[in-house]
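One structure is given here, and the rest of the page talks about it.
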Amino acid sequence: MRLPSLGFEAGEHVGAIRCLEHGYPTPLARWHCHDEYELHLITATSGSAFVGDWVGNFSPGHLVLCGPGLPHNWISLDYPQEGVACRDRVVLFPHEVVAGTTPSVPELDEARRLLEQASYGIEFFGMSDVVSRAWYRIRAARGLARLAQLYDVLAQLGRCENSRLLNRSRYTSSERVEQLQRIANGITHEPGQALDAEDYARECRMDTRQFLRQFRRHAGDGFSTFVNKARIAAACRLLASTELYVQSVCYAVGFNNLSNFNRRFLEAMGQTPSDYRKLHRSGTP
């Protein structure tokens, strides 16, 4: 989705700090999150904003800083039939831009404090013109000059006295990683208790497609593939170490019918569950 045709800067032209400008409607306007901080300025239209568990209204000048892993979306309700050419101006930058610097640099303390609060989502008032001008300077700059321009706008936002936190609880990318790891570990150790992707998505406060993308990125396999692998591995352990009937093993590891279990097992192991048990019990490799 990070295509120049959608308003992103081409990756070969810039480094870790990227500018984005897009109109509305756009495929980018959806409930989503990502690993970067997002400084988001609305330039046209009004509608409903969603940041974590906060829901509110927006209009031109609405300015929000979202931290990594904080889901968000802006839905315009008053755009013309032909759409608008520019609704959003965004700056995206990774955690390492500030947090990766040594704590012995006190000049960056106010930026660090700002980014800590961004895990809640911060709405700023009276800063839209400042950020709009800064956006153009950041986009025009390259290299160290771009970093300096970002630090300058973060410093101004850090000194802003008219702002509010949006989300009721802190939500960070590390929490997202821990959440996904807990889900993956639960599936691995008790695959028979695995929930549907929709249930895990609700638990993680994501839509299902977003959860599936995040899970694949974290686990290395798609959700269904990961669950099936965990179930087959558990079935192998039960077949080798217990006298349970194959049908009982099937249901114990979470499959709903025997024919599907046999098919999945054969695809994964190259043999049927019964043959696997016989070969294991006989000591044949």
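Just so you know, all these numbers are worked out from the coordinates, no wet-lab data involved. For clarity, every value in this text was computed on a predicted model and none was experimentally measured. Don't worry about glycine lacking a Cβ; one is built from the backbone with ideal geometry, like all the others, and counts go over all protein chains shown.
Between ARG281 and ARG217, residue separation times 0.36 nm minus the direct Cα-Cα distance comes to 19.3 nm.
For an R0 of 35 angstrom, estimate the FRET efficiency from the Cβ-Cβ distance between GLU190 and ARG30 and round to the nearest 0.05.
On the way: r = 33 Å, r/R0 = 0.93.
FRET efficiency, GLU190 to ARG30: 0.60.
Fully extending the segment from ALA268 to CYS160, taken as 0.36 nm per residue of separation minus the present Cα-Cα distance, adds 33.1 nm. Placing unit charges on the Cβ atoms only, positive for Lys and Arg and negative for Asp and Glu, gives the chain a dipole magnitude near 780 debye about its Cα centre. Think of it as helices only: each DSSP H run of n ≥ 4 in the chain is worth -39500 (n - 2.57), and spread over all residues that comes to -13500 deg cm²/dmol at 222 nm. What is the sum of charges, Lys and Arg at +1 and Asp and Glu at -1, for the other residues whose Cβ falls under 15 Å from the Cβ of ASP152? That works out to +2.
If we count every other residue with Cβ under 15 angstrom of GLY220's Cβ, Lys/Arg +1 and Asp/Glu -1, where does the sum land?
Details: positive: ARG213, ARG216, ARG217, LYS229; negative: ASP221.
Taking every Cβ under 15 Å from that of GLY220, the sum is +3.
Please report the net charge: other residues with Cβ closer than 12 Å to the Cβ of ALA111, K and R +1, D and E -1. Residues close to ALA111 contribute a combined charge of -2. A dipole drawn for the chain from +1 and -1 charges on Cβ atoms has a positive end, and of TYR251, ILE183, ALA197 the residue lying farthest that way is TYR251. Taking a quarter of the surface of the Cα convex hull of the chain gives a mean projected area of 19.7 nm².
Within the listed set GLY69, GLY254, GLY56, the residue fluctuating most in the Gaussian network model of the chain (springs between alpha-carbon atoms under 10 angstrom) is GLY56. Note on region 4-165: dipole from Cβ charges, positive end direction compared against GLN81, ASN162, LEU39; the farthest Cα belongs to GLN81.
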